[in-house]
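Read through the structure below, which is laid out as structure tokens, and then see the notes.
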Amino acid sequence: DSATEGQETVVRYLMDNVMLEDEMFKIGNRPRTITEFRSFNNKNIKLFTKTNAEGKKMIKQRFGRIEDKFFQLIPKALAFKPIDDIKDFVYSYVLDEKEVNIDNLRENVRSYQGLEKTLEGVKNRIEKLSEIECHHKAVVDCIQSDRMYEYFMAQSDLDLTKEQIGVLQDEIRRESYRLEQLNAKCSSMKKELENKEEVRTLLLAELNANSDFQTLEKQKKYLKELQEKEEIQYQEKKRLLESGKKAGQKVSRLLEIPDVDECMKQYDELLHRLKDTEDVVSAQELIDRAIAYKKHMSTKLQRKNLEIQSRLNEIAADLQETERRISNLKQHRFSYPPAVELLMSRVEQELLKIGRMAKPRILCEMLEITDETWRNAVEGYLNTQRFYVLVEPEHFDIALGIYEKLRREKKAYGVGLINSGKLEEYDIAPAGSLATVVESKSIYAKRYVNMVLGKVHMCKRVDELKQYPVSITPNCMRYQNHVASAIRPEIYTTPFIGKNAFKVQYEQALQKKEDLNRQKIECKDRMTHMEVTLQWLEWDDDTDVKYRITIVSELKRTGLEIEKCETEIRNLQQNTTMIEKQIRADEMRKECEELKSHISKSDRESGACELKISNAKDRLVECEDECIHKNELITDIAQKAENEIVFWKKEYEKQTGDKTLEQFRQNFDRRRKANNTTKENADKKMTSAMYDYKTAFDFGAPATLEAYPEYAAVQERLVNSELLNYEEKVRKAKLSAEEEFREQFLSKLQENMKQAQGEFKELNKALKDITFSNERYEFLYLPSKSYGKYYDMIMDDFNVVQGESIFSGLFHENHKEVIDELFSKLALDQDNGIKALDEFTDYRTYMDYDIKITHEDGSYSLYSKVCEEKSGGETQTPFYVTVAASFVQLYNNNIGGEAIGLVMFDEAFNNMDDERIGAVLEFMNRLPLQIVIAAPPDKIQYIGPKMQETLLVLTDDKVSFVEEYRYASGRK
């Protein structure tokens, strides 16, 4: 249409069922104006539009509400282009571009990865704070140990003072008793002196007055007193000998014990000559030593008795545990550390709660040793790692959460939880390594063993060990970090690996039960023997002997006095002469002088005893004052220690049980110094870790022990709040990303790819029975060589299974590399990343395309290999076949009833022979299409018979016109 300035320049009209005639556009030879045109054709014009977009919309509606692709295919069909690149050709003519909107997916992936980075940051902070916590715990433990050592030193100092008090009290008692004996002896001698002086005085008086009778009477009276005294002393000696006999019987039994103290042998000799003992002081000192020895041995035996009783309790507990172990082994179940069994139980319960049938396993139960020569080496090197808990990769986070909860509840420590999802690189056991003799039906268990034992080289001889960084011999000599060390046999003596381990452990448990019962009997026998020995160590009779032994010498002196008195009486009764009395008086004088000398000596000894007693009492007062102050110090320490004082006291009793207090103080003085060194080192490490944390995270608290609560508060907040918060956010973001990935990427791409494959199948079905110059065509659509892994992932049926995560389990294991690569690209913002994503979201990317050309003899060739060798006609055939199929696909996708089915070719088939032209037209006539072909006249004989109508376009000078071409009576 044309118009004047300011009006529409282009208008498109829709007319239905109207043939174009000249009068529609002209009046005579003059073109109609727009107004005239619209007026004349008003009845036939159904629509008219003013823009290209409206025009296209009008045509699409009229042609059956077809897609925009029509406007791309029409010019491509008109402009024939040889097929040089099969993929470009398929993209242009066969498969439509279908948009997969991944904006939400990209946003979810970015959010997920961003949150994951934030979570990693939180975990990194927690890790550094945990390091600080570890060092702080070491410092606090050292401080706590120092407090305990301070208590030990203070208590031992007090006990030493108490021992000194005991020694002083014994000295005071001993010297007091000696003083008492000396005073008694002195008193006796003074009385004897008094009697002798009185007798001498009487003798002198007799000599002066000759009064013998008075003297005789006094001597008789004195004799009677002495005899009464002797009887009392005799009864005392009798009781002494009875106590000595009882004490002797006990000492005799004690002497049967090997290595008995020498004082007991001396004491036994004393008891055998008890009635003849003269040196009372030495005898009493010997008895004191014997009593002290008995007390010491009794205390030692009582402590030993308590130890045996404690051992009996341990044996009873061991027997109970062994019985439980035997019961478990009968059911083919090992007994593990309580923390391991607790974690296993909790994880299994949690998995059942969320509907997972998988169970956690313990590593040793999943392994088998193929060479028994190396069993001890494997068992010994793995040690506690044998009891590590193994779960499926998708269950690790669940198990870890449960473990963390148990840790916070202080119920489980030291249990290994294997992250099996991070072990893909350990599929192969290195040759010569300890891992080669261990097998497992579990890929995860085998991978872990390969990781741990793969670095340990097997050496038959010790001299080969240093040739490798980590190595071991069958006898468990291990070499690692340039250090050789022998693994303790108790680690590997009890096997846990392999089916035979149950049998061995069962036999060991039975043997242990037998040994424990034997030990139980032995302990009871020892307790019985010690109870008898404790009776022999009783010292009541010894104490009685000690305090009665003086009676022997006293009785002897009394006997001598009686003899002297009797002699005096006899002499007086003989009516001796005055000369004899004079001699007797002189003898009495000498005896009195001798007694005075003894009394003087006894007084000096008593003075020395009194001085010793006074000095000992002074020192005793000082020690008692020290005890008060030291007790106050210990009371202060105990109040600060609170509940720990109970443990400290038990530990103190244990440590001082088998050594002297001096030895104990020396040992713990060294320990305290070593503990201070350890504390200083731990404090330095803690401070360094605090500085690192402050620098890394711009934390304001000082790097000191006093500031630790601020670090602990941050750790508590991170662990109990932010970590859980971000883990939940990551989980939700992961679920969102997974849902988008599944629904908007995997499912839609799979749907598009399956639809494309269906279209190719339909196209191949149409081509199946048509021969093009002795050739048949078939379109091939194969997984892309470049994107084969992506193809496998997209077409994997697992991605449409509901209730399973694509980030775990078999799907993730099979396609982890592809998922990680794709998610990395989804997170990119650069132009290159967006271009790459366009390619990744195009379902056509994941297939390679070709045309299989089957020849008459049954052989075939691929178009991509021979396209450069083919003639023009041979390359045109696939073009027309594919274009026609593309139009069929276009019109089949319409939503407005029957589509027009229009296809137009310009200068069609110009290089094709008649056979190929006929085959192509036969193929097209089978399709629901209206074909319009423009071709040169020389092709009419090949094309015309296959068409419903043929028109000739002719020109005469400047005039073009069209004539219908008909066939009449079999001729043109």
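Using unit Cβ charges (K, R positive; D, E negative) and no other charged atoms, how large, in debye to the nearest 20, is the dipole of the chain about its Cα centre?
1580 debye
Taking amide H positions as placed in the peptide plane 1.01 Å from N, state which residues far from T950 in sequence (5 or more) or on other chains have amide H under 5 Å from it.
Y965
Could you give the angle, 0 to 90 degrees to the nearest 10, between helix 443-453's Cα long axis and the longest principal axis of the Cα atoms of the chain?
Here the helix axis deviates by roughly 50 degrees.
Go through segment 110-124 residue by residue and turn each phi into a ³J(HN,Hα) via Karplus (6.51, -1.76, 1.60, θ = phi - 60°); whole Hz please, and just put x for glycine and proline.
Along segment 110-124, the couplings run 4, 4, 4, 5, x, 5, 5, 5, 4, 4, 4, x, 4, 5, 4 Hz.
Using the charge dipole of the chain (Lys, Arg: +1 at Cβ; Asp, Glu: -1 at Cβ; taken about the Cα centre), state which of Q744, N814, M189 has its Cα farthest towards the positive end.
The residue sitting farthest along the positive end of the dipole is M189.
Per the Debye formula with a single identical scatterer at each Cα and no solvent contribution, what log10 I(q)/I(0) holds for the chain at q = 0.04, 0.08, 0.10 Å⁻¹?
Listed by q, the Debye log ratios stand at -0.52, -1.07, -1.32.
Any of K441/K816; K405/K729; K512/K673; K499/K734; K556/K601; K446/K785 with alpha carbons more than 31 Å apart? Name them for me.
K512/K673; K499/K734; K446/K785
Sequence gap at least 6, Cα distance under 8 Å: using those rules, report the relative contact order of segment 12-62 to the nearest whole percent.
That works out to 49 percent.
Which one, L274, V340, Q302, projects farthest toward the positive side of the charge dipole computed for segment 266-367 from Cβ point charges (K/R +1, D/E -1)?
V340
What is the angle, in °, between the Cα long axis of helix 578-641 and the longest principal axis of the Cα atoms in the chain? Nearest 10 is fine, range 0 to 90.
The helix 578-641 is inclined about 20 degrees to the chain.
Looking at M15, S824, A674, which one has the Cα that reaches farthest to the positive end of the dipole of the chain (charges on Cβ: Lys, Arg +1; Asp, Glu -1)?
So the residue we want is A674.
Taking a cut-off of 24 Å between Cα atoms, list the lysines near K50, but don't count ones fewer than 8 places away on the same chain.
Output for K50: K26, K60, K69.
Residue-wise, which Karplus ³J(HN,Hα) couplings in Hz belong to segment 100-109, taking 6.51 cos²θ - 1.76 cosθ + 1.60, θ = phi - 60°, and x for glycine or proline?
Taking θ as phi minus 60°, the curve returns 10, 6, 10, 4, 5, 4, 4, 5, 5, 5 Hz for segment 100-109.
Based solely on its DSSP helices, what 222 nm [θ] is calculated for the chain when runs of n ≥ 4 H residues each add -39,500 (n - 2.57) and the sum is averaged over all residues, nearest 500 deg cm²/dmol?
The helix-only estimate for the chain comes to -21500 deg cm²/dmol at 222 nm.
Would you mind ranking K137, K612 by Cβ crowding within 10 Å, fewest neighbours first?
Ranked by crowding around the Cβ, least crowded first: K137, K612.
Once amide H atoms are placed 1.01 Å from N in the peptide plane, what residues at a sequence separation of 5 or more from M847, or on another chain, have their amide H within under 5 Å of its amide H?
Amide H to amide H, under 5 Å and 5 or more residues apart or across chains, M847 pairs with S784.
Give me L510, L363, L286 ranked fewest to most by other Cβ atoms within 10 Å of their Cβ, as a rough exposure proxy.
Final ranking by Cβ density, sparse to dense: L510, L286, L363.
Using only Cα atoms, find the angle between the long axis of helix 872-892 and the longest principal axis of the chain, and express it within 0 to 90 degrees, rounded to the nearest 10.
That works out to roughly 70 degrees.
Between K765 and E231, how many nm apart are label points set 7 Å from Cα along the C-beta direction?
Spacing of the two 7 Å Cα→Cβ label points: 14.6 nm.
Amide H to amide H under 5 Å from K26: which residues, 5+ apart in sequence or cross-chain, H placed 1.01 Å off N in plane?
R32
Values in this text are rule-based calculations from the coordinates and carry no lab data. Quantities reported herein were computed from a predicted structural model and do not represent experimental measurements. Using ideal geometry, Cβ is built from the backbone for each residue, glycine included, and neighbour counts are taken over all protein chains shown.
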